[in-house]
1. Go through the range 145-161 and give me each residue that's part of a helix (DSSP H, G or I) and within 14 Å of the chain's Cα centre (by Cα).
2. Going by the conditions given, is residue 108 touching a residue at least 40 places away in the same chain (Cβ under 8 Å) and in a loop (DSSP other than H, G, I, E, B)?
3. Taking the residues in the range 87-109 that are more than 19 Å from residue 9 (Cβ to Cβ) and under 12 Å from the mean Cα position of the chain (by Cα) as candidates, determine which candidate is modelled with the lowest pLDDT.
4. Do we have any residue at all in the range 123-134 that's at pLDDT 85 or above, assigned to a helix (DSSP H, G or I), surrounded by 15 or more Cβ atoms within 10 Å (Cβ to Cβ) and in contact with a strand residue (DSSP E or B) (Cβ under 7 Å, 6 or more places away or on another chain)?
5. Of the conditions (1) farther than 28 Å from residue 40 by Cβ; (2) under 14 Å from the mean Cα position of the chain (by Cα); (3) in contact (Cβ under 8 Å) with a residue 40 or more places away in the chain, residue 131 satisfies every one except a single condition; which number is it?
6. List every residue pair whose Cβ atoms lie under 6 Å apart, where the two residues are 6 or more positions apart in sequence or sit on different chains, the first residue falls within the range 137-161 and is within 23 Å of residue 94 (Cα to Cα), and the second residue, located anywhere, is surrounded by fewer than 15 Cβ atoms within 10 Å (Cβ to Cβ) and at pLDDT below 80.
7. Within the range 102-118, track down each residue that is buried (at least 17 other Cβ atoms within 10 Å of the Cβ) and out of contact with any helix residue (DSSP H, G or I) (no Cβ under 9 Å at 6 or more places or on another chain).
């Protein structure tokens, strides 16, 4: 089964080790924010299809979307659209856009941000953070033009603030989405 792996990756040697161990893609986050040129180096060495950039975003106190890293404690000094375009230009083969403030809240994806990003880029995008239900996927699928959706809490918890219950959708539920 193809899988992607990330978290703490900071060197080309680590990427090579992960790919040799069987990962299909390696996800870069903080290292891409600190050193965007690293994305180009990794893409040139391993190919665009192997490099994914996870872009963590949250709202600033002024209400603007800000790219953050380092567990949300540091911000990238550029606007979100410029940043994602730079990641695509540097060779990211895919982006994960994660609303860190919505993650696990069931408040719904940040559709406005995802719509804006998906209309600016040509690479696949996965939206993460706040997915409320399978019905939300159905209702936004054609509008957002996303390649995938992250739905961790939706599948792990019975409902908000309730116990853990791994809860995968049935084949029929998945087929009825599209």
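1. 152
2. Details: touching a residue at least 40 places away in the same chain (Cβ under 8 Å): no; in a loop (DSSP other than H, G, I, E, B): yes.
No: the conditions fail for residue 108.
3. It comes out as 103.
4. Within the range 123-134, not a single residue is at pLDDT 85 or above, assigned to a helix (DSSP H, G or I), surrounded by 15 or more Cβ atoms within 10 Å (Cβ to Cβ) and in contact with a strand residue (DSSP E or B) (Cβ under 7 Å, 6 or more places away or on another chain).
5. Of (1) farther than 28 Å from residue 40 by Cβ; (2) under 14 Å from the mean Cα position of the chain (by Cα); (3) in contact (Cβ under 8 Å) with a residue 40 or more places away in the chain, only one is false for residue 131: (3).
6. Hits for this filter: 137/177; 138/177.
7. Within the range 102-118, 102, 110 qualify.
The values are calculated or read from the model by the stated rules, or taken from the named source; none is laboratory data. Remember, it's a predicted structure, so these values are computed and weren't measured experimentally. Heads up, the Cβs are rebuilt from the backbone with ideal geometry, glycines too, and the neighbour counts pull from every protein chain shown.
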